[in-house]
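Structure first, then comments.
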Amino acid sequence: MLGGMKIVIAGGSGFLGTALTRELANNRHDVAILTRHAPREGPAGVTYVPWTPNGQRGPWASALERADAVVNLAGESIAAKRWSAAQKQKLRESRLLATRSLTTAIREAAQPPRVFASGSAVGYYGDRGPETLTEISPPGHDFLAGLAREWEAAADEVAHLTRVALLRTGIVLDRREGALPKMLPPFKMFVGGPLGSGTQYMSWIHRDDWVRLTVWAISHEGARGPLNVTAPNPVTNAEFSKALGRALNRPSLLPAPPFALRLLLGEMADGLLLGGQRALPVRATDLGFSFRYANIDEALANVLS
């Protein structure tokens, strides 16, 4: 990917957006972050553009003019709160309104960006047990699957104007942010173990590989449509728990019973913890992308070192 590109990121101040911004800025790209709360200062080469993601075009849309790429990572965290009806609506609106704002701006741009890389999730497939899932597998039928379908459909509305890449992201492994820090305390206290039966699959990816694959998707002309942004070797929750125990030199013996997780988290327990997907990054590997961290042991050893 050549330096000096202009890249606009919506959601650039979040967990993944911050890592992506750092990588792009370090490689001398001009990065504009659409944000509702701009910091006083940021890294060199990064500008912050106030925006209101309300489904419509706003003054911020001028940032998209002559942009090489637009990356859409905007949306309320799936695990921020228990899934009440109001929270589900907030999750849906935060994704759809931001995406519609961006697609409206792309449609009305004098020169649309060459690529629109928009967030999605492996939750698109629903809970499918041990079934091997690729980008052509049909969607599931639960809340997360419906949310991902709508999110992707909103992004696809500009596929006739620009190359659209749909980033179906799995569990991103990072020591300080994301899901992993929430998993560490029980293991450090010697009471870690699998969740429920432990047979549910986890499609994971090291944060650095997530950044590399996203940058690759921006620059690779063949990367269009859905892309599973996951490592090539998904594992069951029990296998993940054993690998985490090995990385921390702790046992992985005490399973968390499903009823307790459902009591604590409600529907979110099934959507995020007790169900899973065995998703493979077939499109990326077929197009030549190479993972640095393909196996869970080496990924956790690096993250936790």
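General remarks:
- Reported count of residues in the range 245-288, each being polar (S, T, N, Q) and in contact with a Gly (Cβ under 7 Å, 6 or more places away or on another chain), is 1.
- Residue within the range 53-74 that is touching an Asp or Glu at 6+ places or on another chain (Cβ under 8 Å) and open to solvent by 20 Å² or more (accessible area, probe 1.4 Å) present: yes
- The residue that is farthest from residue 80 (Cα to Cα), counting only those in the range 245-263 that are open to solvent by less than 60 Å² (accessible area, probe 1.4 Å) and in a loop (DSSP other than H, G, I, E, B), is 251.
- Scanning the range 208-230 for residues that are touching a strand residue (DSSP E or B) at 6+ places or on another chain (Cβ under 8 Å), of a type outside the set (S, T, N, Q) and within 15 Å of residue 24 (Cβ to Cβ) returns 210, 213, 217, 218.
- Condition met for residue 294 (open to solvent by less than 40 Å² (accessible area, probe 1.4 Å), farther than 17 Å from residue 175 by Cβ, of a type in the set (Gly, Ala, Ser) and in contact with a strand residue (DSSP E or B) (Cβ under 6 Å, 6 or more places away or on another chain)): no
- Just so you know, in the range 264-287 the residues that are surrounded by fewer than 19 Cβ atoms within 10 Å (Cβ to Cβ), among the hydrophobic types (A, V, I, L, M, F, W, C) and at pLDDT 90 or above include one that is farthest from residue 190 (Cα to Cα), and it is 287.
- The range 7-25: number of residues that are touching a residue at least 12 places away in the same chain (Cβ under 8 Å) and either open to solvent by 60 Å² or more (accessible area, probe 1.4 Å) or of a type in the set (Ser, Thr, Tyr) (or both): 4
- Scope the range 78-94; condition in contact (Cβ under 8 Å) with a residue 12 or more places away in the chain and either in contact with a strand residue (DSSP E or B) (Cβ under 6 Å, 6 or more places away or on another chain) or open to solvent by 20 Å² or more (accessible area, probe 1.4 Å) (or both); matching residues: 78, 79, 82, 83, 88, 90, 92, 94
- Qualifying residue in the range 236-244 (condition: open to solvent by 60 Å² or more (accessible area, probe 1.4 Å), under 18 Å from residue 128 (Cβ atoms) and not hydrophobic (A, V, I, L, M, F, W, C)): yes
- Looking only at the range 105-125, and only at residues there that are open to solvent by less than 60 Å² (accessible area, probe 1.4 Å) and assigned to a helix (DSSP H, G or I), the one that is nearest to residue 217 (Cα to Cα): 122
- Test result for residue 79, in contact with a helix residue (DSSP H, G or I) (Cβ under 9 Å, 6 or more places away or on another chain), aliphatic (A, V, I, L, M) and modelled with pLDDT under 95: yes
- Residue match in the range 31-49 (condition: among the β-branched types (Val, Ile, Thr), surrounded by fewer than 20 Cβ atoms within 10 Å (Cβ to Cβ) and not in a strand (DSSP E or B)): no
- Of the criteria (1) open to solvent by 50 Å² or more (accessible area, probe 1.4 Å); (2) at pLDDT 95 or above, which one residue 228 fails: (1)
The values are calculated or read from the model by the stated rules, or taken from the named source; none is laboratory data. These figures come from a predicted structure and were not determined experimentally. Methodologically, a virtual Cβ is constructed for each residue, glycine included, from the backbone with ideal geometry; neighbour enumeration extends over all protein chains shown. SASA here: full protein model, heavy atoms, side chains in, ligands and nucleic acids out. Shrake-Rupley method; radii C 1.70, N 1.55, O 1.52, S 1.80 Å.
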